[in-house]
Structure formats: structure tokens, C-alpha cells
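For reference, the structure is listed below as C-alpha cells.
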Amino acid sequence: MPEVPPPAPTGDALLKILTALGNPHRMRIVAALVENRTYVSALAREIGISRPLLHMHLQRLEAAGLVTGTLEAADDGKTVKYYDVTPFVCELTPHTVARAAATLTDDGAGTADRGAGRSDRGAKEEAK
């Protein structure tokens, strides 16, 4: 039986994925997690960034559905959150983008990096 291709992403979902992967740290995180699942401290050492910064990037990747975190009990009784890459396929063609663009809601509101680069005053003005 032939494999059924995944459904085309909605505009908002595609925007979340592209925004999440549009950062070099997040691309490195996904690449590291392809090799093996791991926990924050080990991943921070491997990639060479601080744990707070890594947490922020992992949150964005989780929000886009690209990584998942699971809490597990360690041998010493502490709870450790392990991260793993979520299998995903995203075919990016002009037609995929056009179909996704037709389903965008509220000009992409709710994306992980919404408002990046705008001043607070500009965001408040837009909110009015």
C-alpha cells in the first residue's frame, strides 16, 4: 500500500514551523536531537549556549511541534525533562506556500516571534 503524504500545513502552522527553524540555535538543537534524545544541561553543553537561552529555544520548537519534552525520573530520584525531535515533513514549494497563505488567520497572530523588532509603542499603537 502506498504511503499517504502528510496533509499540507495551514498558513499559521507553516509560519510557526518556518519561524522556529529560522534561527541558527534552533536549527542546531534539532540537528543535535536527531542524533539522540537528551536533557537540557547536556544539550546546552553540546551546543554551547546557556540553559536559560536553550529553554527559550526549546519552548519555541515545542510550540511549533518540532520537539517534544517528557519528564522522567532519574536514578537519584530527581525528575529530568528529556527532549526528542518529533518526526516531521514539510514540503516547501510555491504551491504549498500559496495554499497555506490562503488559510492565514489574523496576519499570522500567535506565532512564536510575533512583534520581533518592533518597539513597544508600535505594538501598542497596532493593538488600538
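Values in this text are rule-based calculations from the coordinates and carry no lab data. All figures in this text were calculated on a predicted structure; none of them were measured in a lab. Counting neighbours? That spans all protein chains shown, and the Cβs are built from the backbone with ideal geometry, glycine included.
Computed from phi, the 3J(HN,Hα) profile of region 25-42 under the Karplus parametrisation 6.51, -1.76, 1.60 (θ = phi - 60°) reads 5, 5, 5, 5, 4, 4, 4, 5, 6, 5, 5, 6, 6, 7, 10, 4, 4, 5 Hz, with x in place of Gly and Pro.
The convex hull around the C-alpha trace of region 1-107, projected and averaged over every direction, spans 9.3 square nanometres. The gain in end-to-end length when the Val97 to Leu18 segment is fully stretched comes to 27.3 nm, 0.36 nm per residue minus the alpha carbon separation.
How far apart, in nm, are the 7 Å Cα→Cβ label points at Phe88 and Asn36? Going by the 7 Å Cα→Cβ label model, 2.4 nm.
What length, rounded to one decimal in nm, is gained on full extension from Ala74 through to Thr105, with 0.36 nm per residue of separation minus their alpha-carbon distance? Additional length available on full extension: 6.9 nm. Shown here for region 42-104: chymotrypsin sites (Phe, Trp or Tyr not before Pro) in loop regions (DSSP other than H, G, I, E, B) with at most 16 other Cβ atoms within 10 Å, namely Phe88.
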